[in-house]
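In what follows, a single structure is set out as structure tokens and then discussed.
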Amino acid sequence: MAYDVVVIGGGRIGSVTARFLEDMGFSVLVVERDSGRARFLENRGFSVVRLDALSGKAIGLVKSVGVGVLALPGSIGYYCLKKLVEAGVELIVDVSFYAEDPLMLNGLAKSSGSRVVVDAGLAPGLSNLFIGYAYSKMGLLDYAEIYVGGLALNPNCPLGLAYTWNIRDLLEEYIRPARVVVNGRVEYRDPLDYTGRVEVPGKGVFEYFVSDGLRTMLSKKLALNMAEYTLRYIGHLDRIRVLRDLGFLDYKGVRVGECEADVLDFTASILGLKLAECTKDRVIMYVRAGKGGKVMELFIDEVYDDLTSTTAMAKTTSSVQACTTKVLADNPGIVDLGVHGLEDLGLLEKAYDRIMECIRKYVGSLIIV
């Protein structure tokens with residue numbers, strides 16, 4: 001069977017992205033290493049091949065199809081992206097979040113003939129798209145503020161969280177230095193020392209901490225002041241600070257009996273067990289971009305879909321990734337060769353309109369004013 005798209009990673013996000021792409025008319029093949037997860041996907045009608053994402057076979061398969069969609073943990077996401085770019089895959093749309101700067105692959109992508117969109121999720125992702133569009137309408141912005149959070153639908157779940165993302169990646173947000181733009185300069189902030197409360201219009205008051213989600217926008221002069229903040233229920237941050245102070249968020253090994261484990265992995269494993277029954281979630285997103293007296297705002301308040309058993313996080317994230325893939329696959333010349341953040345597509349009104357129109361079919365709560 002001939003395929004139009006290869007999705008690498010059949011987890012919570014990749015599987016939903018694959019389903020959305022099939023809904024859009026693409027023939028999709030999923031690459032999944034874990035045999036149990038592969039069987040799960042096959043039982044739900046997906047075409048699956050069991051390969052390691054970094055293997056030569058997997059990379060060659062994507063190269064032969066021409067369109068690769070990545071939804072991998074941060075620990076291997078960058079390395080897979082680099083291999084695909086080195087192979088000259090025509091179109092790559094990546095949602096993986098990693099510490100490495102994907103723009104380092106820009107020159108390689110241009111020379112190998114690859115068009116790459118990175119961070120094609122909710123935030124970074126949709127937030128970048130909207131801020132790029134706001135810049136196209138108003139010029140250099142005075143400020144751009146992103147407030148976004150994946151929360152448990154039931155606030156009484158442990159830490160008020162739902163199991164919708166890689167837990168280690170989630171915990172690293174609290175300890176990874178976050179970059180913000182202040183008066184046109186990039187500065188670093190400690191996430192748990194740069195916190196506060198914000199009222200999201202019509203949704204209530206939430207805690208926030210600064211997170212490192214500006215990513216590719218840091219190198220582009222879109223706003224004089226810009227930051228991303230992660231939203232949590234009131235009281236969450238005090239409990240996270242206790243975990244940090246007790247050493248449960250440390251990057252180091254610890255020996256227990258005859259076993260040695262990474263502390264952060266241990267904490268992620270325990271939290272994962274506690275959150276196993278907290279899968280119903282809610283995603284809040286509030287983006288403000290302004291210049292002078294003019295303000296543009298984006299709102300999302302999406303909840304778990306009982307009908308399809310789809311988390312709000314997967315629905316919102318995968319809709320951006322799938323819609324970006326569709327628009328670029330249908331219009332291959334819309335972006336140049338190289339590595340792009342979604343802010344680059346926000347600068348192109350036709351691309352912005354098409355992606356937003358597509359996203360609205362899957363995220364009914366999306367409002368832009």
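The values are calculated or read from the model by the stated rules, or taken from the named source; none is laboratory data. Only a predicted model underlies this, so the values are computations on that prediction, with no experimental measurement involved. Reconstructed Cβ throughout: ideal geometry from the backbone, glycine too, with neighbour counts over all protein chains shown.
Things to note:
- Residues of segment 234-261 that turn out to be at positive phi and under 28 Å from the mean Cα position of the chain (by Cα), as a count: 2
- With respect to being small (Gly, Ala, Ser), in contact (Cβ under 8 Å) with a residue 12 or more places away in the chain and over 27 Å from ASP305 (Cβ atoms), SER211 falls outside the description.
- Verdict on ARG288 being under 26 Å from LYS221 (Cβ atoms), under 20 Å from the mean Cα position of the chain (by Cα) and surrounded by fewer than 20 Cβ atoms within 10 Å (Cβ to Cβ): yes
- Candidate set: segment 315-335, residues that are at pLDDT 95 or above, out of contact with any Asp or Glu (no Cβ under 9 Å at 6 or more places or on another chain) and not hydroxyl-bearing (Ser, Thr, Tyr); chosen: the one farthest from ILE131 (Cα to Cα): ASP330
- Scan of segment 230-253 for residues that are in a strand (DSSP E or B) and either outside the structural domain of GLY160 (by TED's automatic domain parsing) or under 21 Å from LEU153 (Cβ atoms) (or both), ordered by number: THR230, LEU231, ARG232
- Cβ pairs under 9 Å, 6+ apart, first in segment 179-200 and in a helix (DSSP H, G or I), second among the acidic types (Asp, Glu): PRO191/GLU173; PRO191/ASP212
- Any chance SER27 is touching a Pro at 6+ places or on another chain (Cβ under 9 Å) and among the polar types (S, T, N, Q): no
- Looking at LYS326, LYS350, LYS361, LYS294, just one residue is in the same structural domain as GLU228 (by TED's automatic domain parsing) and among the basic types (Lys, Arg), and that residue is LYS294.
- Looking only at segment 216-245, residues that are in contact with an Asp or Glu (Cβ under 6 Å, 6 or more places away or on another chain) and modelled with pLDDT under 95 come to 0 in all.
- Considering residues of segment 175-191 that are modelled with pLDDT under 95 and of a type outside the set (D, E, K, R) only, the residue surrounded by the fewest Cβ atoms within 10 Å (Cβ to Cβ): PRO177
- Applying a threshold of 9 Å to beta carbon distances and a minimum spacing of six or more residues, or different chains, the list of pairs starting in segment 39-63 at a residue that is outside the structural domain of GLY113 (by TED's automatic domain parsing) and ending at one that is part of a helix (DSSP H, G or I) and of a type in the set (Gly, Ala, Ser) is empty.
- Total residues in segment 5-38, condition assigned to a loop (DSSP other than H, G, I, E, B) and either under 21 Å from GLY74 (Cβ atoms) or outside the structural domain of LYS63 (by TED's automatic domain parsing) (or both): 8
- PHE130 being of a type in the set (Phe, Trp, Tyr), buried (at least 21 other Cβ atoms within 10 Å of the Cβ), in a helix (DSSP H, G or I) and touching a residue at least 60 places away in the same chain (Cβ under 8 Å): yes
- Checked against (1) among the aliphatic types (A, V, I, L, M); (2) outside the structural domain of SER114 (by TED's automatic domain parsing); (3) closer than 26 Å to SER75 by Cβ; (4) not in a strand (DSSP E or B), LEU307 passes all but condition (3).
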